[in-house]
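Every number here is computed from the coordinates shown, using simple stated rules; none is lab data. Treat the numbers as computed from the prediction; the structure is a model and nothing was measured. Don't worry about glycine lacking a Cβ; one is built from the backbone with ideal geometry, like all the others, and counts go over all protein chains shown.
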Amino acid sequence: GDLNSMDVEHRGQLAESLIILAEEAGERIMRVYQRDFAVETKTDQSPLTEADRAAHEHILARLQELTPTLPILSEEGGLPDYTSRRDWPLYWLVDPLDGTKEFIKKNGEFTVNIALVKEGQPILGIVHAPVFKTTYIGNRGNGAWRISGGVRTPIHTRVLPEDGPPMLVVSRSHRGEAVDRLLERLPPHETRSVGSSLKFCLVAEGKADLYPRFGPTSEWDTAAAQCVVEAAGGRVTRVDLRPLTYNTKASLLNPDFLVFGDPDWNLRPLLADFEVQVR
């Protein structure tokens, strides 16, 4: 099929290559993870490791082989000007190592993220957690899966529990007062803390109901995992409940957003005075 149409079947074939590619990138990360590593500092003071770069270079090379005509936007690559990238109908959006803080703390909660974005929406997403040997796949229009220990299982978000408290997942490294304000308004609930895109994946596989994120994140942090959640039946929205979209502005920072598993959960009353942030 035509590359730009990138139908479900074509994406399914591509997903098989991406699963292997993400695992290979994960192996390169693990070589660094399993020994003592030097932490460098980027201009924004975030820790950057050689693992980031090794994963980035491998993903870049393999994606260029798989789809030579598609542009690639990666956290570790150069940033093309918006005037050129706003016209991309289809492109790869990559975070070679999401959860660098978790990597440095050695708690395993980091991921390799690869998304295919078409006209502002992620249509194929792979999230791979090397330490847990687990990969999540979302193919828009065709469902979501988890591969763990070589076993592939379809995953789906869950309906909000009627007989028990909703499970909320919050960031291990970034929480903030806006999240606390939202939590205060909820009926009794439980919370779990976890790092990186794995927060989305807990919602996607029906282990959590809501992940609220207030504060800046970048588009490559969310695209792959958003696709997994949406393909599993959930939603990823801004605080006005409109979908979180990509490549629509010069800044690559996301607004505040919510990830929830039950698409019929009416969150509007809880969000009454939360303003949509423009970043």
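Please compute the length gained on full extension between Asp163 and Leu241, using 0.36 nm multiplied by the number of residues separating them and subtracting their Cα-Cα distance.
Contour length minus the Cα-Cα distance gives 25.5 nm.
Using a Debye calculation, one point per C-alpha and no hydration shell, please list log10 I(q)/I(0) for the chain at q = 0.14, 0.16, 0.17 Å⁻¹ in order.
Cα-only, vacuum Debye calculation for the chain: -0.98, -1.30, -1.46.
Per residue of the chain, what 222 nm ellipticity follows from adding -39500 (n - 2.57) for every DSSP H run with n ≥ 4, rounded to the nearest 500?
Mean residue ellipticity at 222 nm (helix-derived): -9000 deg cm²/dmol.
Do the alpha carbons of any pairs in Lys118/Lys207; Lys106/Lys249; Lys105/Lys249; Lys133/Lys207 sit beyond 26 Å of each other, and which pairs?
Violating the 26 Å limit, Cα to Cα: Lys118/Lys207; Lys106/Lys249; Lys105/Lys249.
Post the alpha-carbon centroid distance, the range 192-241 to the range 99-120, in whole angstrom.
Rounded to whole Å, the Cα centres lie 12 Å apart.
Run the paramagnetic zone check for Lys106: 7 angstrom along Cα to Cβ, then residues of the range 16-32 with backbone nitrogen under 20 Å.
Answer for this model: 26-32.
With an 8 Å cut-off on Cα pairs and a minimum separation of 6 or more residues, tell me the relative contact order of the chain in percent.
Relative contact order of the chain: 16 percent.
Under 17 Å from a point placed 7 Å out from the Cα of His189 along the Cα-to-Cβ direction: which residues of the range 218-235 have their backbone N that close?
Inside the label zone: 234-235.
When you count, for each residue, the other Cβ atoms within 10 Å and take the mean per peptide, how do 107-119, 145-157, 258-270 rank with the highest first?
Going from most to least packed, we get 107-119, 258-270, 145-157.
So for the range 3-155: antiparallel DSSP bridges make up what percent, rounded to the nearest 5?
90
Suppose the chain between Asp264 and Arg31 were pulled fully straight at 0.36 nm per residue; how much longer would it get relative to their current alpha carbon spacing?
Residue separation times 0.36 nm, minus the Cα-Cα distance, leaves 79.5 nm.
Work out the FRET efficiency for Arg181 and Ala250 from their Cβ-Cβ distance, taking R0 = 35 Å, and round it to the nearest 0.05.
After rounding to 0.05, the efficiency reads 0.75.
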